[in-house]
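Notes to accompany the following structure.
The values are calculated or read from the model by the stated rules, or taken from the named source; none is laboratory data. None of these values were measured; they are calculated from a predicted model. Using ideal geometry, Cβ is built from the backbone for each residue, glycine included, and neighbour counts are taken over all protein chains shown.
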């Protein structure tokens, strides 16, 4: 008999979508000056809403509002009062969690299971965590009287729209800064819903400003002369451009950029959990994860076994409607990203790597890419070096721990790594040797507000999360 | 049966399952060469599987399947022939008002009730399973365990649920456990042998994996989590490890072994979670009463209640289901 | 009377010719001349010739980066206790050559001998201060993180890698020590472009480093014109961080920072005009070239 799961759709009715959205400046929703653009559901290509595009003047208004709020309200408010606003926001996020999760899934294409069980709970947790720092900054180890920097310009990506917003806004506000945040062009909706939450929380106007738009809006924010701090999460290419553009002013910058993480499986690994870790490492969020374990390094002595188990497991991945509660792999976020994945996987094939996907039917509409692995990949292949940012795993092998380390570190990136082995001393040796900001040993893709996250080398600088995450928003 | 998995090093020294039983030392090496289980990772996987949402037609199918997989159990000191006969009646027709409701897989009783159960069940197709081997502690001599088994078989048991010697297992005397299972298997004759690990006493998941392999190597037709007399009894992570073990065992030996989750599963919701685990770990081949069982007494009524809810559209109450 | 032999009258003693030191670069623990064969005249504060210093070229810089990279694995893997002892050893050897350094600084910076001597004191003390940080910084900036789940999670500081340093141009010894010590005590290796006009204390310091158990390549000192060499180092893809403390020209600093973005070097860019090397240095220079590594592991049986 076949045990097929009937569709278990999360209801959209909890979300109240408007036909068009403006910018959130100085506590109010206002029309953008630029032309509007459409936000589509990546799963169906349905137009969800029209979004306003902020131009230079809009960004300037937002920065001015943030400046006023900074000097008149937020920086002079006691830390304890700031904390209470942030706690309030955390609580409203919890109260409206279903709505946020559904909207995130709808707008981003990620499975509702992940939005509901991972993204949104973490969003609330980050606000809750940083709320508590707001009145304890003098104990954070950054001097006796750490001061906020001022107005922070923040640009976030589309892979975890709300979570990245939380990573940026929560520490900035806790430290006493005000913010102008630009969500990614394809995923503005939850940021705008967050703006509404700020209103519900009676957050003073101008403390949080949301300017939607494409790259030009981001550039306007980066180039604005009255920004005291920039924080960016996104591609290494754009990160470098930002690093160059702030050179003249020496504005402090935090960059969370790309990665090409090695997920290293030794022959004594807890094998079933390792296979889960491989799957979670690369297929979580459709592989749209900067710290994704996109290079699997398997010890040669267990290569056949691991591959067979991995393929068998991949065949059970459920791909489809992101709002179906049983969906494991959702839609690719945009046609542009889909094209990039197609391009790089085509290169992988043309370079001689062997491609495999489990049989699965892709929906006719929307942006879809089946979970894919490439075997026979060498370090020289582009698919082993470039970030694909999709559900595509390159499989390589190694023979000794030293070779694993050498291959893992042989990349300009250094964001994360995974190690799977039952031998404790080897875990610590590997953790020591790996040049990566986060090392997951016998687990992968875990996040927590108390845990600093960020990369070595071209994966960026600065850390988000934990006490370390405050440093980027304090003058000391 | 394919495949590359046949070659894989299930033990540190690359021994195949056949080599594994060549000597006590080889057996020990083999079992300790099995891949470890990371507790947190295993439980995380279970949590994800538990979040599956089984609705409408799939729920209906799952409820009926779960009913058909039940070993309806009474293992009490106060058991009487009357009690067993009542249970048998329920086993044959769990929902007297609905002839489409499937019968359960088996009745599970102590050896002295086997004959009563056989008589009550007649040709219904419901099997009689008997616990044996000094159940539940297993603390008796091999001779008595074998006699216990032979008695139950002679009385007509189709299936024997034996317990392993946990003391021997925990002290590392795997050969003793292996030999005992082999002897009981022989005593079973045609009867199917389910071997109870009593995972609540083995404690670690590594032990559960080793014990699963040990039982399968020794000839178990089924591996079963628990007696129901020790807490915790069946849990989803322990069951997942056993499911993985039977999967890997079939890959390497070609022989399919069943799994029985027993004790502590009392709601339809829980039962469906187990079926989801079976489905996503083993697939169709095990989604059958011949290969997966629930050892339970209270579970049946909740399954029936949920079944009625699906057909009538309203929530039921326990007063409408028989307590037997 | 007693006869005394007539002693030969002492001929006028010819004045002894100094053996001058040839000033070289310090790369990989050796003292090569610039591969370019170039040198430049170094004068004291009153313009009197002191020595010819090697004028490092971009190729010397390249070699220095290779040496620093080669030394990184070994140096960063040493125990913090060991690194602390090595830096402390630098202080000991510097103290033992106190008069020489006082004279060097006096000539280079045109100070009174008392003031120069005080700067050497301060330099020794700074090395001692940083030496002690080696095995404490991880405890101050590291953490265990109470994550909401069954995981042991900790964050530790690790050295960034190869740090390029444009050393202070005015403060030829104390400034130099103050930028090199924090970079290396945490396990980085460095390539230092020394003061252009006042390179001789740096050259002397190289001799101290060479005799202080500092492995070759951990500190590499390049004399010469930073404006010529720094752009090559700033854009070098195997350099992980750059300290612009010695760059007072803001346009140059900006250009270097732009070049450094090619591989996202960590950047230390204090306002060179405001640096007070006598002030409490704080921990900013220690943490500027540290990465935070966070490690997760499940907790289970």
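Residues in segment B:45-57 that are surrounded by fewer than 22 Cβ atoms within 10 Å (Cβ to Cβ) and in a helix (DSSP H, G or I): 7 in all.
Residues are listed down the side, and each one gets a yes or a no for (1) part of a helix (DSSP H, G or I); (2) assigned by TED's automatic domain parsing to the domain that holds residue A:216; (3) at pLDDT 95 or above; (4) in contact with a strand residue (DSSP E or B) (Cβ under 7 Å, 6 or more places away or on another chain):
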{"site": "A:34", "(1), (2), (3), (4)": "no, yes, no, no"}
{"site": "A:42", "(1), (2), (3), (4)": "no, yes, yes, no"}
{"site": "A:64", "(1), (2), (3), (4)": "yes, yes, yes, no"}
{"site": "A:88", "(1), (2), (3), (4)": "yes, yes, yes, no"}
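Taken as a whole, the structure places residue C:188 among residues that are within 14 Å of the chain's Cα centre (by Cα), within 14 Å of chain A (Cβ to nearest Cβ) and crowded, with 20+ Cβ neighbours inside 10 Å. Taken together, A:278, A:264 contain a single residue that is crowded, with 24+ Cβ neighbours inside 10 Å, assigned to a helix (DSSP H, G or I) and at pLDDT 95 or above, which is A:278. Checking each residue of segment B:288-310 against the condition of being surrounded by 22 or more Cβ atoms within 10 Å (Cβ to Cβ), touching a residue at least 24 places away in the same chain (Cβ under 8 Å), over 25 Å from residue B:73 (Cα atoms) and within 14 Å of another protein chain (Cβ to nearest Cβ) gives no match. The conditions of being within 14 Å of chain B (Cβ to nearest Cβ) and either more than 28 Å from the chain's Cα centre (by Cα) or farther than 29 Å from residue C:254 by Cβ (or both) are not met by residue A:264.
Against the conditions (1) within 12 Å of another protein chain (Cβ to nearest Cβ); (2) modelled with pLDDT of 95 or more, residue A:392 satisfies every one except (1).
Put simply, of A:320, A:366, A:376 the only residue that is on the phi > 0 side of the Ramachandran plot and within 14 Å of chain B (Cβ to nearest Cβ) is A:320.
Residues in segment A:331-366 that are under 21 Å from residue B:52 (Cα atoms) and in contact with a helix residue (DSSP H, G or I) (Cβ under 6 Å, 6 or more places away or on another chain): A:358 alone.
Only one of these is in contact (Cβ under 8 Å) with a residue 24 or more places away in the chain and part of a loop (DSSP other than H, G, I, E, B): B:114, B:177, B:104, B:153. Name it. Even if it seems obvious, please write down each step before you answer.
Details: B:114 fails: part of a loop (DSSP other than H, G, I, E, B); B:177 fails: part of a loop (DSSP other than H, G, I, E, B); B:153 fails: part of a loop (DSSP other than H, G, I, E, B).
Result of the check over B:114, B:177, B:104, B:153: B:104.
Among residues of segment A:72-83 that are assigned by TED's automatic domain parsing to the domain that holds residue A:136 and closer than 19 Å to residue A:128 by Cβ, those with a beta-carbon under 6 Å from a residue that is at pLDDT 95 or above and surrounded by fewer than 17 Cβ atoms within 10 Å (Cβ to Cβ) at least six positions away or on a different chain give the pairs A:79/A:135; A:80/A:135; A:83/A:135.
The one condition from (1) in contact with a helix residue (DSSP H, G or I) (Cβ under 9 Å, 6 or more places away or on another chain); (2) not in a helix (DSSP H, G or I) that residue B:228 does not meet is (1). With a requirement of 3 or more residues that are farther than 21 Å from residue A:285 by Cβ, the strands (runs of 3 or more DSSP E) lying completely within segment A:368-448 that satisfy it span A:392-398. Just give me the residues in segment A:222-261 being out of contact with any helix residue (DSSP H, G or I) (no Cβ under 8 Å at 6 or more places or on another chain), farther than 15 Å from residue C:263 by Cα and within 14 Å of chain C (Cβ to nearest Cβ), in sequence order. Listed by number, the residues that qualify are A:234, A:249, A:251, A:252.
With C:258, C:214 as the choices, which residue is at pLDDT 95 or above and not in a loop (DSSP other than H, G, I, E, B)?
On the way: C:214 fails: not in a loop (DSSP other than H, G, I, E, B).
That would be C:258, the only listed residue that is at pLDDT 95 or above and not in a loop (DSSP other than H, G, I, E, B).
Residue B:216 fulfils the conditions (1) surrounded by 24 or more Cβ atoms within 10 Å (Cβ to Cβ); (2) more than 22 Å from residue B:286 (Cα to Cα) except for a single criterion, (2). Residues that are in contact with a strand residue (DSSP E or B) (Cβ under 7 Å, 6 or more places away or on another chain) and in a helix (DSSP H, G or I) do not occur anywhere in segment C:239-255. Could you please let me know if residue A:292 is more than 14 Å from every other protein chain (Cβ to nearest Cβ), modelled with pLDDT of 95 or more and closer than 30 Å to residue A:318 by Cβ? When the stated conditions are applied, residue A:292 passes them.
Is segment B:25-37 home to any residue that is over 26 Å from the mean Cα position of the chain (by Cα), at pLDDT below 95 and farther than 24 Å from residue A:266 by Cβ? Checked segment B:25-37: no residue is over 26 Å from the mean Cα position of the chain (by Cα), at pLDDT below 95 and farther than 24 Å from residue A:266 by Cβ.
Within segment C:251-301, the only residue that satisfies the criterion of being within 14 Å of chain B (Cβ to nearest Cβ) and either free of Cβ contacts under 8 Å to residues at least 40 places away in the same chain or closer than 18 Å to residue A:254 by Cβ (or both) is C:301.
Somewhere in segment A:8-19, is a residue surrounded by 24 or more Cβ atoms within 10 Å (Cβ to Cβ) and closer than 24 Å to residue A:208 by Cα? The answer is no, given that none of the residues of segment A:8-19 is surrounded by 24 or more Cβ atoms within 10 Å (Cβ to Cβ) and closer than 24 Å to residue A:208 by Cα.
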